[in-house]
Amino acid sequence: MTFKKNSFDPRKLTLITPRVPLGPGERPLGIGDHAQLNSGGPRALVVDVFEDRIVVALPGGSEAEFPRECLHRVP
């Protein structure tokens, strides 16, 4: 995956809180869901899902890949 100029390297992110277990009836993030970083930031669209990572489309047309633990679903 490549990133646009002046983008950040998501491999340099550090997990600062443990993963929050899914609640009863809550399903994992999937393609088409809206997500946000646990630390805040813009709302993003999930465009690809791997075993331990999720690719999201960010406002402005860029994409980024994050560990599942870094994202949560937003309405």
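The values are calculated or read from the model by the stated rules, or taken from the named source; none is laboratory data. Note that this is a predicted model, so its numbers are computed, not measured. Glycine also receives a Cβ, built like all others from the backbone with ideal geometry; neighbour counts cover every protein chain displayed.
Against the condition assigned to a strand (DSSP E or B) and either at pLDDT below 90 or within 13 Å of the chain's Cα centre (by Cα) (or both), how does VAL20 come out, does it pass? So VAL20 fails the test.
Matching residues to (1) in contact (Cβ under 8 Å) with a residue 40 or more places away in the chain; (2) part of a helix (DSSP H, G or I); (3) buried (at least 16 other Cβ atoms within 10 Å of the Cβ); (4) acidic (Asp, Glu):
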site: GLY32; (1), (2), (3), (4): no, no, no, no
site: ALA35; (1), (2), (3), (4): no, no, yes, no
site: SER39; (1), (2), (3), (4): no, no, no, no
site: VAL46; (1), (2), (3), (4): no, no, yes, no
site: ILE54; (1), (2), (3), (4): no, no, yes, no
site: PRO59; (1), (2), (3), (4): no, no, no, no
site: ALA64; (1), (2), (3), (4): yes, no, yes, no
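Residue pairs whose Cβ atoms lie under 6 Å apart, separated by 6 or more positions or on different chains, with the first residue in the stretch 8-20 and charged (D, E, K, R) and the second modelled with pLDDT of 65 or more, are ARG19/GLU69. Selection of the stretch 66-75 for residues being in a loop (DSSP other than H, G, I, E, B) and either surrounded by 15 or more Cβ atoms within 10 Å (Cβ to Cβ) or not aliphatic (A, V, I, L, M) (or both) yields only PRO75.
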